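Structure first, then comments.
The values are calculated or read from the model by the stated rules, or taken from the named source; none is laboratory data. Keep in mind that this is a model prediction, so the values were computed, not measured. Cβ coordinates were reconstructed from backbone atoms using ideal geometry, including for glycine residues, and neighbour counts include every protein chain displayed.
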């Protein structure tokens, strides 16, 4: 007995040592990959790390990911038509849905910048269609929600009895949320420093909404979904914020922060509490997620809605509780109003549901055909009788996907998505050219001309695979150019975690004398993670028309939570083996190791974003905020906004951002350089003080100003960013003595 225990301890010690060594070599290899002058050393290092990792798993097979669904759980409400009041509410919801669909097609509104007679008029929310839509949603949810009680008193008792569990897990999660808040809100006003033209377009849309326009789909800048604009307008109205770059950044940073709890829940669902906590922490500090969260554009919305959708979907498939399916539909339906990349999530949901069915049919003891017969019997005859008979015949519980309640819940989820998507559904049917324009310009020949789609797809898949460890996005606005999307430590963890999920899908495999007994049986959670990762990267991969835009930190912005869950798996494996090998000492050692890894990753991500990215962004974008400071100083002292002018120059600042930053709304007093003589000529007789901002290269424009206003005073504004100086030409009011 003692000898067996000793052998087990030795095996655990050797396994833990191999895992730690594999991770150490992986981090070392990642450092060599980072220095692309010698990538071969990094590749060899990763091969060695992978071999050690697989060897360790072969010595001591470990199950980190949760396996398949629990035994059959029959929902409390056997049928959504089990009560007359439910039937009536469902009928009412259907009628209201049809009416709302019709009214969304007839209620149009003029959008600023689009002529009222134009066929591109936007469909808008009105009191009538909005009331019909919300009433349809309310009736549907009341009808199908599992209230857990038969009357209102019972529902109220359940609500009062609900408590938030508070233990060390809650304390750890609160600490992670504090770290996430720091990474998302620290120096938010100054990093990123300056807006781009995309920000101006979005702020103009927000201003339209604040002024009373209520579009279903926004036509500016190739068309955008509505959520960010209403969200930002709501924050501005609620907290009396200025309508500027910071308002956009605050809105996206807040959405990103709210994503972290769902990363924990999704990680816990597929791998347990520790996986959830580690994944949440890695997401909280991830430069990938932080970059797309603070830039002020729609990029973090994919992760914010795809993550809870996946959590409730996977829990729904495991427990088959209707409310989980309803919540999955809620997040998916709302998410479709956020960002174009969310359009892949319905495909992901359908894929996971289909794979769950195939997985259960293949694993059914009687075989695939027998499983199909059990499913058909359950659908036809009902759960209680057919399900029990099939389970008894196979001497095993019937998986939820082979039961009628499962597919009823799938239908409920689809109905929920359709209801939430209704306004945009009507618009997409009436204006498919606008709805699909942005996607088609990236994946089809709309703008790029003819190309070989198969060759481009292969190229894009290869480049997308490199983004985690070798070569990333080239767009300087969104991230450090060419920087791979994970920090060196997380990148090494991700590589080992990816190997783990492949082996977990593979199951127990023999390669000659090597038995890869990673799991006792194959893991559907591993399948879900792999499929989710691939499909959430697909919006980036499908940039076939412009392959330089792949990989993209923004179009693949739904993937960071999945990548962090995968990266968390090796840490949990190492910690478990250390605790198993060394007992209390192993717990202490694993805690020290995990803390060192997480602290190092935190420092690396902080430096890369707040130092490297900040310097790059300031060096690449024009300093609209500094120009706004100069003009605002003029308006608050001797002048007014009507007498502020910017002499436009090719590839210089977007003048809209200057006026937005100074709080002047959509005012845009720019003068084209070639029109400067006529424009300033009309100002000669105006006695008011004036100010002109001029590009240092525009010497012709400067001479025109000096000739027209000889009393003017020229100065150079010294920017805090080298190469971003600009000229200020101040014309004092007539009769005022120049200083």
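Could you tell me whether the stretch 719-733 includes any residue that is modelled with pLDDT of 95 or more, closer than 28 Å to residue 206 by Cβ, touching a strand residue (DSSP E or B) at 6+ places or on another chain (Cβ under 7 Å) and surrounded by 11 or more Cβ atoms within 10 Å (Cβ to Cβ)? Yes, the stretch 719-733 contains a residue that is modelled with pLDDT of 95 or more, closer than 28 Å to residue 206 by Cβ, touching a strand residue (DSSP E or B) at 6+ places or on another chain (Cβ under 7 Å) and surrounded by 11 or more Cβ atoms within 10 Å (Cβ to Cβ). Screening 322, 268 for residues that are under 26 Å from residue 522 (Cβ atoms), touching a helix residue (DSSP H, G or I) at 6+ places or on another chain (Cβ under 6 Å) and surrounded by fewer than 24 Cβ atoms within 10 Å (Cβ to Cβ) leaves exactly one candidate, 268. The number of residues in the stretch 98-123 being farther than 15 Å from residue 429 by Cα, surrounded by 14 or more Cβ atoms within 10 Å (Cβ to Cβ) and at pLDDT below 90 comes to 4. Residue pairs whose Cβ atoms lie under 7 Å apart, separated by 6 or more positions or on different chains, with the first residue in the stretch 698-723 and assigned by TED's automatic domain parsing to the domain that holds residue 628 and in a loop (DSSP other than H, G, I, E, B) and the second exposed (fewer than 12 other Cβ atoms within 10 Å of the Cβ) and at pLDDT below 95, are 711/738.
Residues of the stretch 17-51 that are at pLDDT below 90 and surrounded by 22 or more Cβ atoms within 10 Å (Cβ to Cβ): 33 alone. Somewhere in the stretch 666-688, is a residue within 20 Å of residue 622 (Cβ to Cβ), touching a residue at least 40 places away in the same chain (Cβ under 8 Å) and in contact with a helix residue (DSSP H, G or I) (Cβ under 9 Å, 6 or more places away or on another chain)? So far as the stretch 666-688 goes, yes, one or more of its residues are within 20 Å of residue 622 (Cβ to Cβ), touching a residue at least 40 places away in the same chain (Cβ under 8 Å) and in contact with a helix residue (DSSP H, G or I) (Cβ under 9 Å, 6 or more places away or on another chain). The one condition from (1) in a helix (DSSP H, G or I); (2) closer than 25 Å to residue 503 by Cα that residue 598 does not meet is (2). Would you please name the residue that is nearest to residue 130 (Cα to Cα), looking only at residues in the stretch 417-459 that are modelled with pLDDT under 85 and assigned to a loop (DSSP other than H, G, I, E, B)? Only one residue tops the list, namely 444. Within the stretch 555-576, the presence of a residue that is touching a residue at least 60 places away in the same chain (Cβ under 8 Å), in a helix (DSSP H, G or I), over 27 Å from residue 532 (Cα atoms) and outside the structural domain of residue 695 (by TED's automatic domain parsing) is excluded. Which ones in the stretch 336-365 are more than 19 Å from the chain's Cα centre (by Cα) and surrounded by fewer than 15 Cβ atoms within 10 Å (Cβ to Cβ)? Correct list: 350, 354, 358, 362, 365.
Restrict the check to the stretch 617-631 and report whether at least one residue is surrounded by fewer than 17 Cβ atoms within 10 Å (Cβ to Cβ) and farther than 28 Å from residue 656 by Cα. Working first, answer last.
Going through the stretch 617-631, the residues surrounded by fewer than 17 Cβ atoms within 10 Å (Cβ to Cβ) turn out to be 619-620, 629.
In the following step, the residues that additionally are farther than 28 Å from residue 656 by Cα were identified as none.
Scanning the stretch 617-631, I find no residue that is surrounded by fewer than 17 Cβ atoms within 10 Å (Cβ to Cβ) and farther than 28 Å from residue 656 by Cα, so the answer is no.
Taking the residues in the stretch 673-695 that are loosely packed, with under 15 Cβ neighbours inside 10 Å and under 16 Å from residue 652 (Cβ atoms) as candidates, determine which candidate is modelled with the lowest pLDDT. Ranking the candidates gives 674 first.
Per-residue answers, yes or no, for (1) within 23 Å of residue 606 (Cβ to Cβ); (2) at pLDDT below 95; (3) within 20 Å of the chain's Cα centre (by Cα); (4) part of a helix (DSSP H, G or I):
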{"residue": "166", "(1), (2), (3), (4)": "no, yes, no, no"}
{"residue": "180", "(1), (2), (3), (4)": "yes, no, yes, yes"}
{"residue": "194", "(1), (2), (3), (4)": "yes, no, no, no"}
{"residue": "220", "(1), (2), (3), (4)": "no, yes, no, no"}
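The helices (runs of 4 or more DSSP H) found entirely in the stretch 317-383 that carry 3 or more residues being modelled with pLDDT under 95 are 345-363, 368-381.
Taking the stretch 470-490 as the range and being over 19 Å from the mean Cα position of the chain (by Cα) and either crowded, with 24+ Cβ neighbours inside 10 Å or on the phi > 0 side of the Ramachandran plot (or both) as the test, the residues that pass are 482, 489.
Taking the residues in the stretch 390-406 that are part of a helix (DSSP H, G or I) and in contact with a helix residue (DSSP H, G or I) (Cβ under 7 Å, 6 or more places away or on another chain) as candidates, determine which candidate is modelled with the lowest pLDDT.
Step one: list which residues in the stretch 390-406 are part of a helix (DSSP H, G or I), which gives 390-394, 400-402, 404-406.
Now drop any that are not in contact with a helix residue (DSSP H, G or I) (Cβ under 7 Å, 6 or more places away or on another chain), which leaves 390, 400-402, 404-406.
Values: 390: 51, 400: 83, 401: 88, 402: 85, 404: 86, 405: 87, 406: 91.
Ranking the qualifying residues of the stretch 390-406, first place goes to 390.
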